[in-house]
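See below for the structure under consideration.
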Amino acid sequence: MGGAVSTGLDNDDLIDNLSQARYIKTPEIEKVFRAVDRATYFLPDFKMNAYKDLAWKSGNIHISAPCIYSVVMEHLNLSPGLSFLNIGSGTGYLSTMVGLILGPFGVNHGVEMHADVIKYAYEKLSEFKKTSPALDSFEFCEPVFVKGNGLSLPSDIRQYDRVYCGAACPENQESYIKHLIKVGGVLVMPHNDQLFQITRVSLTKWEHKNVLPVSFSTLQQPTTADTKASIKLPDAEPIPLQAVCRSCIRRTLRANAEREFPQLTKPRPRRVVLRKKPTIRNLVIPFVDSSDDEMEMSGPGLLIGGQTGASITAVFDMGRGQGDHRRLVLRSGIPTNRLRFRQVASPPADNNQREEEEETDETDAVEEAGASAGPATRPSDVPKREKFDSGVVEDMDNEKELASSSDEDVNITSDSDSDSDSDMDIDPLTHFFVDNHKSEDEGLEEDIAPQPKKGSGTSASNCNKDEPGLSYSSVMKDKIQSLPLPPMLKSYLNYDREF
């Protein structure tokens, strides 16, 4: 499902929406979400859907909705040096963000059932290490992924400080999952259509906190083959001395950079993106009369709501007028048997007659139109969104069909006025019939700034590329280059990336 926040233009815009909706609350979590571009974990053909608050699935590759990941990250209570286990690690998107908080002395493991997904996750991890500027502003705990069923782990497996389960836990496996965390550890998992934060306070006691209503698919029960297969998670060995030295040097360089350039630590300013709002130009208001003579009307008419007496009688042009007035255009080409609007005579039978234009006060027009049409009501068949889940969109084929059907214009054409103003659509926001006839002041309503192209995959660093100022990447590269070290050691300090 997902859809808790509006679609973003890029990764930063999506994070702005999540922060505004209070799914992301802490600055550290916001920083790691901006550092890892969600679009890089999508297949190339589906990157235009990366900044929607929806989950996505193609084959075995699956990414949950951003609002779910943000709630999970907030409730894992992560800190440097902890151990983390991700059951159902998938593409590694969540594990990568967790690794930026754990730092080089943490433990970051993932268990995934499908070999093709593990291969895909390692490809994305390699791409992240080569191209992401996040490694210059964070210390990274590289995730390690293991193939296997998360419910068939060996009995002597080590316990973890933090555990996340990416699928609903079966009733008979709840105790099994809860014993994977240490005393004082935190487990976040969906169970019984709820996302829980479970804290182990002692060897035999756990505290449960209901975080969010969700709807996840259930973990696959282990088969006989899964039970016999041995899952070997990596040992938590100390990192090499060479890696410790690199971490210490980079930490010192980063501290010097922040002292020399304090603007590097300033929070990113929120961008104001001007989005064009739909404007109602021509508004068709139906007038309903339940009298007997109306019910027995003859001639062509528009059936509204299953009532034969309901017909469209006027079209109001809501274009901008002079001063405090709006121009009101009465279109007489619409078939009707009675016209009600401020002492205007009934339209003649000749449909080719020109439009009658009349200047009237906006307030009077709204009051009389409202008195005739009655208050607008929300359709009763629109369901309320009550739960969030991973929001799987299968290969986007269904989404394409929905988009094509939803974008389809509903044209209402009368035979008697096919040569006049007969192109009318249903406005999706107001459920009124909107005339497509262009008025002479078309395009004068709003001055909209140019918008970034959707689905561009722009990260936080790329968004500010043209803006003056420095970034962690440029400063760190300059400082590493200035060190009196051999080129090979400089390359190692820069994670073997190009300068």
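The values are calculated or read from the model by the stated rules, or taken from the named source; none is laboratory data. Since this is a predicted model, take the numbers as computed values, not measurements. Counting neighbours? That spans all protein chains shown, and the Cβs are built from the backbone with ideal geometry, glycine included. Ligands, DNA and RNA are excluded from the accessible area calculation, which covers all protein heavy atoms including side chains. Shrake-Rupley method; radii C 1.70, N 1.55, O 1.52, S 1.80 Å.
Quick notes on this one:
- Residues satisfying the criterion are present in segment 96-106 (criterion: open to solvent by 10 Å² or more (accessible area, probe 1.4 Å) and within 26 Å of L151 (Cβ to Cβ)).
- Restricting the first member to segment 23-44 and to residues that are open to solvent by 50 Å² or more (accessible area, probe 1.4 Å), and the second to residues that are assigned to a loop (DSSP other than H, G, I, E, B) and aromatic (F, W, Y), the beta-carbon pairs closer than 9 Å and six or more apart or on different chains are K31/F138.
- Of the numbered criteria (1) open to solvent by 80 Å² or more (accessible area, probe 1.4 Å); (2) in a loop (DSSP other than H, G, I, E, B), the one Q263 fails is (2).
- For segment 10-22, a residue qualifies if it is touching a residue at least 60 places away in the same chain (Cβ under 8 Å) and either in a helix (DSSP H, G or I) or surrounded by fewer than 21 Cβ atoms within 10 Å (Cβ to Cβ) (or both), and the qualifying residues are N11, D12, D13, D16.
- Boolean, P154 is open to solvent by 10 Å² or more (accessible area, probe 1.4 Å), assigned to a loop (DSSP other than H, G, I, E, B), in contact with a Cys (Cβ under 7 Å, 6 or more places away or on another chain) and modelled with pLDDT under 95: no
- The number of residues in segment 45-55 being open to solvent by 40 Å² or more (accessible area, probe 1.4 Å) and not in a loop (DSSP other than H, G, I, E, B) comes to 3.
- Of all residues in segment 70-79, none are at pLDDT 95 or above, in contact with a Phe, Trp or Tyr (Cβ under 8 Å, 6 or more places away or on another chain), of a type outside the set (F, W, Y) and under 22 Å from T131 (Cα atoms).
- Residue match in segment 120-127 (condition: surrounded by 19 or more Cβ atoms within 10 Å (Cβ to Cβ) and either under 21 Å from K182 (Cα atoms) or touching a His at 6+ places or on another chain (Cβ under 6 Å) (or both)): no
- Inclusion of P154 among residues that are within 25 Å of the chain's Cα centre (by Cα) and either farther than 30 Å from R254 by Cβ or in contact (Cβ under 8 Å) with a residue 60 or more places away in the chain (or both) is not warranted.
- Complete set of residues in segment 64-76 that are surrounded by fewer than 23 Cβ atoms within 10 Å (Cβ to Cβ) and within 11 Å of E28 (Cβ to Cβ): E74
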